[in-house]
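Visitor: Questions regarding the structure given below will be posed in turn.
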């Protein structure tokens, strides 16, 4: 489905990601794990065609269903992933993309560290959700509202109607995140990119989000790339884990290899940092 073929990504001719490769099958969950600044988010920005600040892929290729994404025109990008009203990336405070009313694609979707940060705090969830649906398809406001409630229900959120009538600040961080996932999964994308989806959430809520994302794979066959600094989250939910350090692949393998057989010192250090209670590690 997605093949990243030995790419190097540079900003102002300075490489930040070097010789990165990944061959991802449909329905597979892959985690990019590592500390901040390791290049994880830069990789998924490249997949989305949203490298900011003069960043560019200087070597290699990114193929989605056999077609190079690097050669996409703006129109082709709109059909594939559309333009977000506001794409707010983790910790940067920057906004990427612009508001438009053209149909967004349903091939690739994305969720963020705090989906609430993407939402206008002066508008209720229902207003944002229905507008989102009406920019994707010809649908009445009433039907869009019902569809929004249905997706919130699939995320096991209590009282979807009450949530639709709530402002973002009235919801907990975990609830806002599940609203973001519900919006991202409405059109059953083939590929979901998740940038630190459990960061800044308590351990119990992290586990809920992770399990629900795994259920989305089972329900829709969606392939998921998760960016995380928590190797415990990566190993728990992923079929395959890529450990990154300083823009390079430091280690990689299936979850069993990463958890139990990796001899890489950096991987072992990340695993030792996973929180535990009573000797049991938690995601």
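Only the coordinates and a few stated rules stand behind these numbers; no lab work does. Note that this is a predicted model, so its numbers are computed, not measured. Neighbour counts are summed over all protein chains in view; Cβ atoms, including those assigned to glycine, are modelled from backbone coordinates with ideal geometry.
Visitor: Using r as the Cβ-Cβ distance of residue 143 and residue 1, and R0 as 35 Å, what FRET efficiency do you calculate, to the nearest 0.05?
Guide: Computed FRET efficiency for residue 143 and residue 1 comes out at 0.65.
Visitor: If you don't mind, there's one more thing I want to ask. Would you please state the base-10 log of I(q)/I(0) at q = 0.14, 0.19 1/Å for the range 139-283, with intensities from the Debye formula using one equal scatterer on every alpha carbon?
Guide: Relative scattering, expressed as log10 I(q)/I(0), comes to -0.73, -1.15.
Visitor: Which distance in nm do the two modelled labels at residue 63 and residue 246 give, with both placed 7 Å along the Cα-to-Cβ direction?
Guide: The answer from the label model is 3.2 nm.
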